[in-house]
Every structure is written in structure tokens, then in C-alpha cells.
Ligand SMILES: [Zn+2]
């Protein structure tokens, strides 16, 4: 093989011609001058159609390529502009990079693969790249993958959820496929207009094919779903229903704790001069994890703390049992679950705990949707695990400039079409 073709293969420039390769002593980088073959020249960078040339653009340009050994490498070439009838004046197509990218396709693909498989620090150190650039790369790799696939094909049963992704109350609305477990769509925002975008993309024909839609009880979700797919069965997401109970329990816990703190000996000053609970209030504060955890995961000590609550704070303990009772409803599901829910509702109504009386009312309003979810057994675990995984990704995505980058990363990682490493057809 002639040496220029060996270089072309190493740098991943496809069918382009490597003219010279030089080592830049000042910058300590390898620079390969490359020329696009005559038959590939003057094609639109977006649609690849052959177009008349427009001008020389900004002259020579460099694209970062994968390192060769330990040396950073760049591809350098002319980047003329062409005039496309559809896309206007755009930079001409090059075989080694995506349109508008400053990195080669092989470099992009490697970054996208690493972003979904390894830690931020590993990626940044290994690839010597700034984090916002990673955000731009995952966005274009995702767009490229999306051009060749149909994420909405065969959707029948979907789950809709909102996930907070920044501390200052920013939200993503996500859609998952209950049958494949894939994340199919996500967008920034949690309102009617955001969710409408999804159904508009899905189109009227596919909307009618949806048989089940699970979601939390947010009114804006219910309204949009009712408008676009009136025939689909709306199911209440068990994950959210149980969370309502956990929230109600937490309110009762706070009231109990505050009451204990106000009692003589209930609070004092700590060594740094801050107000701190003492005595029973302190014991209760330490017991809060025991209240939130599922009983099967309790440690020995947490069991003791629960027993202590049962003895000293019967009202709080009843609230705890109510929360557990509701969790049980979804654990058994089906007809048995419906009966258990009926018993739970009368128990909550008689509980004399306002938070649970109120929760009982909310559940009665949503009863049809909750029954539907008990009947159809839509997997609670799926929404919950997607929720958790996206939450983890938001930590990695911290530092990306646009929410679009987080969405792209989430779709690459959880959408079922994972990025692949370049040139791995023969493993
Ligand atoms: Zn074009």
C-alpha cells in the first residue's frame, strides 16, 4: 500500500487524498494536508448534492483527528463554499467530518461512545477535550443517528414523565416505550406546549395506534393526552402515586418533629451555636431514613428506630403504615391490588391525619387511571429506572451549554441506538 493511503487509513479521511504529513514542532502536533477527490468536490455539506462553487470560504481549515499514538493529529484542507439550491451558500462536503464539525467523524464517534460508557474525568483526560465541546459532539452524533432510524416506530404503550435537571427548577419532559424499555423522546420544559411537540412529531396516524399512556397526574399531561389520543387508556404511574404517600408521610414527620422540639428539652444549642434538636426530637430526626426506606431494606438499627416510633409516636407510625399500605397495593396489582386499594381508601379516610385524608381524595379523583395501571401492569420499574439513569446523566451533562446536549446524551445512552466505535466492523 502506498504510504499516502496508509496515512489516509490512519487518519480516517475516507477516500480523500493525503498530500503531505508534517510534524509541527512548535505545537507538537501532526498535521496532514488532505485533498478531496475531484469527483467528491463541490457537493453541498448538508445534502451532498453536487452544486456550483461559490468561493474559497475561510481558506484552509483544520479538523482534529484521533491521536496517533500519543501525538495529537489534525487534518488540514481547503474548505470552499458551494451554492446549493436548497440550502443556500454552505461549506462543501468533506468525507472525513460531519457538516459544521471541527473534529473528524472518527473522533466524534469515539467521544460519543466514551460519553455513554465512561466517566467525565476519564473522557476529558484521555481525549484532551473541553467539556462543552463534548456536548456539541454528542448533539451532532445523535442527529446523525436519528437521520437513519425511526425512534417512534411501533409505539403502542408509552410512559410520560417530567424530570428536574437543574437545581433552579428546570425540567425535561420524557417519553419512554413500555414495550422496549427505550427512551424515545425528550425535550426541555414541562408544560402543554412541550408535550404537544411530541404528539405533533408522532403524527395523527401513529397517535391512534397508542393503546396505553402512563403518566403522573399532572393536569397538563392529562389534557394533552386526551386531545391527541382520546382512545388510549390513561394509566397513573405507580411510581408517582407512591411518591405522594411518601411526601404526605414526610409532612407528618416534620409536624411531629417540630412539636417535639418545642417541648422542654426538645432543642438546644450545638457547639457552633446553632439550634439543634435534642432528646426525643433528635431521636426522631435520626429515624427519618427508617421511615422512607422500603421495609425489606431496613438495617437492624432502623428496625429499632421504627419500633421506637411505634411506641412513642403512634400517629406518625400510622402515617408510616399508610405509606407502606399504598406501596403494597402496587406490589400485588391486578384485582387483588384494586381490592387492597379500596381498603386503603377507607383506612385513609378514617385516619384522622389530614395529609392522608387529602391524599385519599386525590387518589379517588385519579381512581380510573390508577385502576387502569393495576389492570395493565405497566412496569413501574421502567419509569423509575429511566428516571434514575437520566438523573445520573444530568450530573455528567453538567457543564454542557444547552439542554439539547443532555437530551442527546440521554437518547444515545438510553434510546436503544448506542453510538459505536469507528472501524469496529471486524472485531
Ligand atoms: Zn444542499
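The values are calculated or read from the model by the stated rules, or taken from the named source; none is laboratory data. All figures in this text were calculated on a predicted structure; none of them were measured in a lab. Here the Cβ positions follow ideal geometry from the backbone for every residue, glycine too, while neighbour counts run over all protein chains shown.
Out of 90, 82, 94, which single residue is within 16 Å of the ligand (Cβ to nearest atom), surrounded by 14 or more Cβ atoms within 10 Å (Cβ to Cβ), outside the structural domain of residue 394 (by TED's automatic domain parsing) and outside any strand (DSSP E or B)?
Result: 94 is the single residue among 90, 82, 94 that is within 16 Å of the ligand (Cβ to nearest atom), surrounded by 14 or more Cβ atoms within 10 Å (Cβ to Cβ), outside the structural domain of residue 394 (by TED's automatic domain parsing) and outside any strand (DSSP E or B).
Restricting the search to the stretch 210-229, which residues are surrounded by 14 or more Cβ atoms within 10 Å (Cβ to Cβ) and in a helix (DSSP H, G or I)?
Residues satisfying the conditions are 220, 221, 222, 224, 225, 228.
Of the conditions (1) surrounded by 16 or more Cβ atoms within 10 Å (Cβ to Cβ); (2) within 22 Å of residue 16 (Cα to Cα); (3) at pLDDT 95 or above, residue 138 satisfies every one except a single condition; which number is it?
(2)
Out of (1) surrounded by fewer than 16 Cβ atoms within 10 Å (Cβ to Cβ); (2) within 40 Å of the chain's Cα centre (by Cα); (3) part of a strand (DSSP E or B), what's the single condition that is false for residue 15?
With (1) surrounded by fewer than 16 Cβ atoms within 10 Å (Cβ to Cβ); (2) within 40 Å of the chain's Cα centre (by Cα); (3) part of a strand (DSSP E or B) applied to residue 15, the lone miss is (3).
Output the residue which, of all residues in the stretch 120-146 that are in contact (Cβ under 8 Å) with a residue 12 or more places away in the chain and outside any helix (DSSP H, G or I), is nearest to residue 399 (Cα to Cα).
By that ranking, first place goes to 129.
How many of the residues in the stretch 45-78 are within 16 Å of the ligand (Cβ to nearest atom) and either under 34 Å from the mean Cα position of the chain (by Cα) or not in a strand (DSSP E or B) (or both)?
8
Is it true that residue 99 is within 20 Å of residue 401 (Cβ to Cβ) and within 16 Å of the ligand (Cβ to nearest atom)?
yes
How many residues does the stretch 28-41 contain that are surrounded by fewer than 19 Cβ atoms within 10 Å (Cβ to Cβ) and in contact (Cβ under 8 Å) with a residue 40 or more places away in the chain?
Looking only at that region, the number is 7.
Yes or no: residue 60 surrounded by fewer than 22 Cβ atoms within 10 Å (Cβ to Cβ), modelled with pLDDT under 95 and not assigned by TED's automatic domain parsing to the domain that holds residue 129?
So residue 60 fits the description; yes.
Taking the criterion of being surrounded by 14 or more Cβ atoms within 10 Å (Cβ to Cβ), assigned to a loop (DSSP other than H, G, I, E, B) and within 12 Å of the chain's Cα centre (by Cα), would at least one residue in the stretch 378-397 satisfy it?
No, every residue in the stretch 378-397 fails to be surrounded by 14 or more Cβ atoms within 10 Å (Cβ to Cβ), assigned to a loop (DSSP other than H, G, I, E, B) and within 12 Å of the chain's Cα centre (by Cα).
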